[in-house]
Amino acid sequence: MATAPAPAATETRLQATGGVARRQRLSRWSRYIFLGTSLLGVVALVALGVDTLINGAGRVTPDFFTSYPSRFADQAGLRSSIIGSIWVLSMTMVLVVPIGLGTAVWIEEFAPRNALVGIVKLNLANLAGVPSIIYGILGLAVFVRFLSFGPSILAGALTLFLMILPMTVIAAQEAIRQVPDSIRQGSLALGASKWQTVWGHVLPGALPGMITGVILAMARAAGETAALVMIGAFAFIAYDNTSVRDNFTVIPVQIYNWTTRPQEAFRENAAAGIIVLMSIVLTFNIAAAILRERFRR
Amino acid sequence: MAIMNGPTDPTTLEVRPRQERTMADIRTRVPEVTPRPHLADQSSGDRKPNEYVPPEPAALTVRDLRFYYGSKQALRDVNLQFPEKKITALIGPSGCGKSTLLRCLNRMNDLIEGARVEGEIEYHGLNLYERGVDPVEVRRRIGMVFQKPNPFPKSIQDNVTFGAKVNGFRGDLDALVERSLRQAALWEEVKGDLKKSGLALSGGQQQRLCIARALAVEPEIILMDEPCSALDPIATLKIEELMRELAEHYTIIIVTHNMQQAARVSDYTAFLLAGEDGAGEVVEYGPTDEIFTNPRDKRTEDYITGRFG
């Protein structure tokens, strides 16, 4: 006879019991908790968006884009503020792209590692967190008053340039750091100079991140109100800007202006202005995302 | 496989304007280095295991080289003569300074913050570390292939032509691409696809692309830092065969962890070991056959037989 079967030991079970069951329950719940927190923000945004659309969609007509501001709400439009925004943002971009990217390249690729550069880096991070109104005060003191630019497009663009410079530099630095060191070494080992390495390999590799950073910074500049109100862009402009020394207004300032009026009809104009501004900012952000994906390949 | 181009005439290391890369321009020679007597007397029967001098003419001569990362010494008094058109292997356990030594040879260590070099490396009568020597000129003549294949994220063609272009190459780029890829035994595999990204190649192909890229600059010496450590055995074998072919025209210095590889491909082998303080020293240097069959230092024997530590 074969030996008798061994007495059944404790049965092996693979269902979750005891401590494992408890941990797994927590794990399942965590998913819903985090989903809930994420939805909170989305719901608030959607509610705001829908409210704005209901209030303002009726005012977004072709006339709204081609009319100057007016004391009659139904005749007022965004013409001068759109033109002002284009002027200011173009100038800001012309300033921020070479100077911001140049700064980032210098810090990451050329700067010696000493205390001074350390302070510059630390300052950049701090400056990116400074409230925009502070840049407005700086712009008022330096550009408007001291340099006598007045509340002009030039002063506005310089102020916005200072405001978005830190975030542009930080984004570009991040992009440059993403380029693997092995690429730099490979290039240098072929007898390329530092500059040839930066131009031939680091910049092309960092370009998508740099472009994204510039676009996101420009989106912030496009929506900036406080700094420009501070330097005096809060004007009634009923003509098209033709020079950088012109007084000006921009879309967010115009929206702010309308919200301060007591009449209900101006609130509708403000809502319509917000729809236009949000579309512009959204377009910037989508463009940044598309460019990032395209360059990633 | 025909190797059509020899190395260029490397006589000056000074910075010259890139446009006029003729050898006729300014030749303020850097002061000549003086040979050390203890390296000259070959015949002496009681030389130490690390004092061997190969009979061939030297491509590079390292004299009393000391290297520091900040205050930490990484190499101590290295004296080595690398013979022309031979393969010299640097072996030793991790952290013995063999990669550091290799990177001293084309001044790649200049890029490390806080790195300091003492001693001299003689190249055609010039000291690579003399004042006025431009590291970019050095690296053009002394190329390098890295541990992990690092092709540029560009087309195969652009990978090969980059080095030549930055060095002011004015000839037929297509011919250069073909010649370099043939030399690196990669041409047949990629000739229809030169526009393809270098990153789309297999690891072994990428490494051969990196070799082709280095060859396109027409260096005289090629440094290889564990070139096969990221490759499978078949790709490794191909690179090793390639190295043997290249050794007919180029001086090759290779760092390897793989002792069989050192034994298979190299003509000379130097064994390095870190001392008590972590600074690497050359323990033994000699023809590869002797190092592997009849090592003179006990530590060399222990290492190559795997009894180390």
Margin query: Just the residues that are in contact (Cβ under 8 Å) with a residue 12 or more places away in the chain, hydrophobic (A, V, I, L, M, F, W, C) and not in a loop (DSSP other than H, G, I, E, B), please, taken from segment B:105-121.
Written below: B:Leu105, B:Met108, B:Ala115, B:Val117, B:Ile121
Next item on the list: Could you tell me which of the residues A:Val97, A:Val120 is surrounded by 13 or more Cβ atoms within 10 Å (Cβ to Cβ), within 28 Å of A:Ala227 (Cα to Cα), out of contact with any Lys or Arg (no Cβ under 8 Å at 6 or more places or on another chain) and in contact (Cβ under 8 Å) with a residue 24 or more places away in the chain?
Entry: A:Val97
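Collect the residues in segment B:153-173 that are within 17 Å of B:Leu223 (Cα to Cα) and either more than 9 Å from chain A (Cβ to nearest Cβ) or of a type in the set (S, T, N, Q) (or both), keeping them in residue-number order.
The answer is none; no residue qualifies.
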Next item on the list: Only residues that are at the interface with chain A (Cβ under 7 Å from one of its Cβ atoms), touching a strand residue (DSSP E or B) at 6+ places or on another chain (Cβ under 7 Å) and in a loop (DSSP other than H, G, I, E, B): list them for segment B:122-152, please.
Entry: B:Phe146
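So that you can scan it fast, the table gives a plain yes or no per residue for (1) buried (at least 24 other Cβ atoms within 10 Å of the Cβ); (2) modelled with pLDDT under 90:
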{"site": "B:Phe169", "(1), (2)": "no, yes"}
{"site": "B:Asp172", "(1), (2)": "no, no"}
{"site": "B:Ala175", "(1), (2)": "no, no"}
{"site": "B:Arg179", "(1), (2)": "no, no"}
{"site": "B:Val190", "(1), (2)": "no, no"}
{"site": "B:Leu194", "(1), (2)": "no, no"}
{"site": "B:Leu201", "(1), (2)": "no, no"}
{"site": "B:Gly204", "(1), (2)": "no, no"}
{"site": "B:Gln207", "(1), (2)": "yes, no"}
Next item on the list: Return yes when A:Val50 is modelled with pLDDT under 90 and within 12 Å of A:Ile275 (Cβ to Cβ) and no when it is not.
Entry: no
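With respect to A:Ile83, determine if the residue is touching a residue at least 12 places away in the same chain (Cβ under 8 Å) and touching a Phe, Trp or Tyr at 6+ places or on another chain (Cβ under 9 Å).
yes
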Next item on the list: Look through segment B:72-106, keep the residues that are among the basic types (Lys, Arg) and buried (at least 22 other Cβ atoms within 10 Å of the Cβ), and return whichever of them is nearest to the other protein chains (Cβ to nearest Cβ).
Entry: B:Arg103
Notebook entry, point to check: Could you list, in sequence order, the residues of segment B:231-266 that are in a loop (DSSP other than H, G, I, E, B), out of contact with any helix residue (DSSP H, G or I) (no Cβ under 6 Å at 6 or more places or on another chain) and of a type outside the set (S, T, N, Q)?
Noted result: B:Asp232, B:Ala247, B:Glu248, B:His249, B:Tyr250, B:His257
Notebook entry, point to check: Here is a list of conditions, (1) free of Cβ contacts under 8 Å to residues at least 60 places away in the same chain; (2) closer than 27 Å to B:Ser99 by Cα; (3) in a helix (DSSP H, G or I), and B:Cys228 meets all of them except one; can you say which number that is?
Noted result: (3)
Next item on the list: Take segment B:252-272 and flag every residue that is surrounded by fewer than 22 Cβ atoms within 10 Å (Cβ to Cβ) and either among the aromatic types (Phe, Trp, Tyr) or touching a residue at least 12 places away in the same chain (Cβ under 8 Å) (or both).
Entry: B:His257, B:Asn258, B:Met259, B:Ala263, B:Arg264, B:Asp267
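So which of A:Gly200, A:Gly191, A:Gly205 is closer than 18 Å to A:Leu291 by Cα, free of Cβ contacts under 8 Å to residues at least 40 places away in the same chain and either of a type in the set (Phe, Trp, Tyr) or within 12 Å of another protein chain (Cβ to nearest Cβ) (or both)?
The conditions single out A:Gly205.
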Next item on the list: Please report, ordered by residue number, the helices (runs of 4 or more DSSP H) entirely within segment A:59-178 with at least 3 residues that are more than 30 Å from A:Trp199 (Cβ to Cβ).
Entry: A:62-66, A:79-105, A:132-139, A:153-178
Check: Within segment A:169-193, can you find the residues that are surrounded by 20 or more Cβ atoms within 10 Å (Cβ to Cβ) and either among the charged types (D, E, K, R) or out of contact with any Phe, Trp or Tyr (no Cβ under 9 Å at 6 or more places or on another chain) (or both)?
Finding: A:Val169, A:Ile170, A:Ala171, A:Ala172, A:Gln173, A:Ala175, A:Ile176, A:Val179, A:Arg184, A:Leu188, A:Gly191
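How many residues are assigned to a helix (DSSP H, G or I), touching a residue at least 60 places away in the same chain (Cβ under 8 Å) and more than 19 Å from the chain's Cα centre (by Cα) when one looks only at segment B:153-192?
Total satisfying the criteria: 2.
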Check: Which residues, taken from segment A:243-258, are in contact with a helix residue (DSSP H, G or I) (Cβ under 6 Å, 6 or more places away or on another chain), aromatic (Phe, Trp, Tyr) and either over 18 Å from A:Phe72 (Cα atoms) or surrounded by fewer than 20 Cβ atoms within 10 Å (Cβ to Cβ) (or both)?
Finding: A:Phe248
Next item on the list: Run down A:Ile170, A:Ile119, A:Ile183, A:Ile153 and say which single residue is within 12 Å of another protein chain (Cβ to nearest Cβ) and either hydroxyl-bearing (Ser, Thr, Tyr) or out of contact with any Cys (no Cβ under 9 Å at 6 or more places or on another chain) (or both).
Entry: A:Ile183
Item checked: Single residue of segment B:224-251 satisfying the filter (within 14 Å of another protein chain (Cβ to nearest Cβ) and buried (at least 24 other Cβ atoms within 10 Å of the Cβ)) that is modelled with the lowest pLDDT -> B:Pro227
Check: Out of segment B:212-223, which residues are within 11 Å of chain A (Cβ to nearest Cβ), closer than 22 Å to B:Pro153 by Cβ and outside any loop (DSSP other than H, G, I, E, B)?
Finding: B:Arg213, B:Ala214, B:Leu215
Next item on the list: Take A:Asp246 and decide whether it is within 20 Å of A:Val144 (Cα to Cα) and acidic (Asp, Glu).
Entry: yes
Next item on the list: Kindly indicate whether B:Leu209 is within 11 Å of chain A (Cβ to nearest Cβ), assigned to a helix (DSSP H, G or I) and either over 15 Å from the mean Cα position of the chain (by Cα) or within 29 Å of A:Phe295 (Cβ to Cβ) (or both).
Entry: yes
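The values are calculated or read from the model by the stated rules, or taken from the named source; none is laboratory data. Please read these numbers as outputs of a predicted model, since none were measured by experiment. Here the Cβ is made from the backbone with ideal geometry for all residues, glycine too, and neighbour counts use every protein chain on show.
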